[in-house]
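All remarks here apply to the structure that follows.
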Ligand SMILES: [Zn+2]
C-alpha cells in the first residue's frame, strides 16, 4: 500500500483512517475492520525496516527521521544545537549542483555521520524523497527479509548464545522453514495470533459467536483449527511421529510449532507447517461454501508441495531479466555502435570506491577510458549504479549516438531494464540513467559475466592509486592496454 497509493485498497483505507497523513503515521482506530487492524499490526514490522531515500530532502526531517545509510542507527545522533527540530534535509543540499553542501555537513555533524551523509548519492534531477524498504538489495518488500529483521532483532536482544531466547528460536525457526512464502507467512501470523479466526473476530465484535463451525463444540482459535478440532486430531493420529512429537498437549499454537521445531528428522517441521496451512485454507473454503480438500489427502498433498519446493529452490540465484547467452569473453559491438563497459570497486580501508569505464568500437579500439574515486557508498549495488550513471554521461559527452552499455551487476541492470526507479536505495540513480540515456538514438543495457568486463574492472581498481579523475581519449594506460589487446576480436 505504501508503494501503490493509487490502489483501491489504499484509497479506501486512507479516506477512512488516515485522511491527513501517511499510513505509517495513522493511529489505531477502535472502529477499524479486522483487515485494517491486521495491516496496522504488520505496520510495526514495516516501520522497522523502512528508511528515507533522499531526493530533494524537502520532506525529511534532519533530526527526527530515519535517513542515514547506517546498518543500525538510521537517525542522526549528532547534537546539532544550531538546527531547529523541524529543519529539513534540503538545507544540506546544493540544488544548483545537485550535491551535498560539503562544508556545512562537515561543520555540523560528528565525523562518522559526515562520512555517511556524503556517501548518500544525490540525483541532479532532485526527485521527491521516497520511503524504501531497507532490508533487500532490490528495495522490494519480501516476507523473508521481514522474518530476518525480526530474527536479528530477537537475537540482538538475547542475553547470550548459551541461553537462547525462546522467541529468537521461534522466529528463526519460521524464517528457516524450507517452504513457500505463503506457508511461512501463515505460520508467522499463527504465532502472532493475527489470523482472522472466529475467536479473534468475536473479540473484535465482528461475529456473534466464537464456536467452531466444523465441530460445533469448542471456541475456534488457530490451535483448534490445525490441531485439536476432533476430525483434525484423528487425521494427525494417523501420522505416528506427529503425535509422539507433541507432549504434553500444547496450550497455544506457538508451543505446538516449537515442539515440531525440535524434531530432528529432516523436513518434519515443514510437513507439519504445510499441512497446518492446508488445514487453514480448507477451513476458509468450508466457511465460504466452496469445495474443500478431503482430510485424507492433506498429508499426500503436503509431501508433494514440499518435494516441488525443494526441487525448485535448491539455489536462490539473482534472476536476470532478458538473459543473454553466457559469454566468457568481451565481444565487439556491431558496426556504427559503441560498447561501454562499466564497473565499480570498493576500497573499504580508505573509505572510498572506484568507478571504471571503457568505451570501444567495432574493432575493439579504445574511444575513451575513465577512472575516478568517490566516497564509499554503503552498498556494492549503489556503487555499480553510480558507475553506470557515469558511463552514460561519459558516452553522451563524447558525442556517441548508438551505445550498448554492459555491466556485471545483475541487480542494477535488472532495475534499469525494468525501469524500477521506485524501490531501491539507488532507484533515483536509475532514474538519472534512464533520463540521460533517452538522448541516445539507440541504447541497450546488458548484464555480462565478469570475465567480459575485465578492462572496466581494472580501471575501477586503478582509482585506488589516485584521488583525481582520470580520463583518456583514444588511449589508455599501459597496464590496461594489455587487457584491451586480449579482448580484441
Ligand atoms: Zn472444531
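Condition first: modelled with pLDDT of 70 or more and either assigned to a loop (DSSP other than H, G, I, E, B) or in contact with a strand residue (DSSP E or B) (Cβ under 8 Å, 6 or more places away or on another chain) (or both). Now tell me which residues in the range 143-178 satisfy that.
Passing the criteria: 145, 177, 178.
For the range 332-360, which residues satisfy the criterion of being in contact (Cβ under 8 Å) with a residue 60 or more places away in the chain and under 13 Å from residue 407 (Cα atoms)?
Correct list: 339, 340, 341, 342, 343, 344, 345, 355, 356, 357, 358.
Could you run through the range 196-209 and say how many residues are touching a helix residue (DSSP H, G or I) at 6+ places or on another chain (Cβ under 8 Å), closer than 14 Å to residue 280 by Cα and within 15 Å of the ligand (Cβ to nearest atom)?
Counting residues in the range 196-209 that are touching a helix residue (DSSP H, G or I) at 6+ places or on another chain (Cβ under 8 Å), closer than 14 Å to residue 280 by Cα and within 15 Å of the ligand (Cβ to nearest atom) gives 1.
Restricting to strands (runs of 3 or more DSSP E) lying wholly in the range 375-487: which have 2 or more residues that are free of Cβ contacts under 8 Å to residues at least 60 places away in the same chain and not assigned by TED's automatic domain parsing to the domain that holds residue 50?
Hits in the range 375-487: 442-447.
Yes/no per residue for (1) within 24 Å of residue 296 (Cβ to Cβ); (2) in the same structural domain as residue 169 (by TED's automatic domain parsing); (3) within 16 Å of the ligand (Cβ to nearest atom); (4) out of contact with any helix residue (DSSP H, G or I) (no Cβ under 8 Å at 6 or more places or on another chain):
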| residue | (1), (2), (3), (4) |
| --- | --- |
| 211 | no, yes, yes, no |
| 223 | yes, yes, yes, no |
| 227 | yes, yes, yes, no |
| 231 | yes, yes, yes, no |
| 257 | yes, yes, no, no |
| 268 | yes, yes, no, no |
| 273 | yes, yes, no, no |
| 280 | yes, yes, yes, no |
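Quick grid of which residues meet (1) assigned to a helix (DSSP H, G or I); (2) at pLDDT 85 or above; (3) surrounded by 13 or more Cβ atoms within 10 Å (Cβ to Cβ):
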{"site": "276", "(1), (2), (3)": "yes, yes, yes"}
{"site": "280", "(1), (2), (3)": "yes, yes, yes"}
{"site": "307", "(1), (2), (3)": "yes, no, no"}
{"site": "311", "(1), (2), (3)": "yes, no, no"}
{"site": "315", "(1), (2), (3)": "no, no, no"}
{"site": "328", "(1), (2), (3)": "no, no, no"}
{"site": "332", "(1), (2), (3)": "no, yes, yes"}
{"site": "339", "(1), (2), (3)": "no, yes, yes"}
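Among the residues of the range 225-240, is there at least one that is modelled with pLDDT under 80 and more than 39 Å from the chain's Cα centre (by Cα)?
At the first step, the residues of the range 225-240 found to be modelled with pLDDT under 80 are 238-240.
Still in the running and more than 39 Å from the chain's Cα centre (by Cα): 238, 240.
Among the residues of the range 225-240, at least one is modelled with pLDDT under 80 and more than 39 Å from the chain's Cα centre (by Cα), which makes the answer yes.
Is one or more of the residues making up the range 234-252 surrounded by 20 or more Cβ atoms within 10 Å (Cβ to Cβ), within 16 Å of the ligand (Cβ to nearest atom) and in contact (Cβ under 8 Å) with a residue 12 or more places away in the chain?
no
Among the residues of the range 402-424, write down those that are under 16 Å from residue 141 (Cα atoms), touching a helix residue (DSSP H, G or I) at 6+ places or on another chain (Cβ under 6 Å) and surrounded by fewer than 24 Cβ atoms within 10 Å (Cβ to Cβ).
411, 421
Output yes when any residue across the range 202-222 is closer than 27 Å to residue 267 by Cβ and either modelled with pLDDT of 90 or more or assigned to a strand (DSSP E or B) (or both), and no when none is.
The answer is yes, given that some residue of the range 202-222 is closer than 27 Å to residue 267 by Cβ and either modelled with pLDDT of 90 or more or assigned to a strand (DSSP E or B) (or both).
The values are calculated or read from the model by the stated rules, or taken from the named source; none is laboratory data. Only a predicted model underlies this, so the values are computations on that prediction, with no experimental measurement involved. Because the Cβ atoms are built from the backbone with ideal geometry, glycine has one as well, and the counts that use them run over all protein chains shown.
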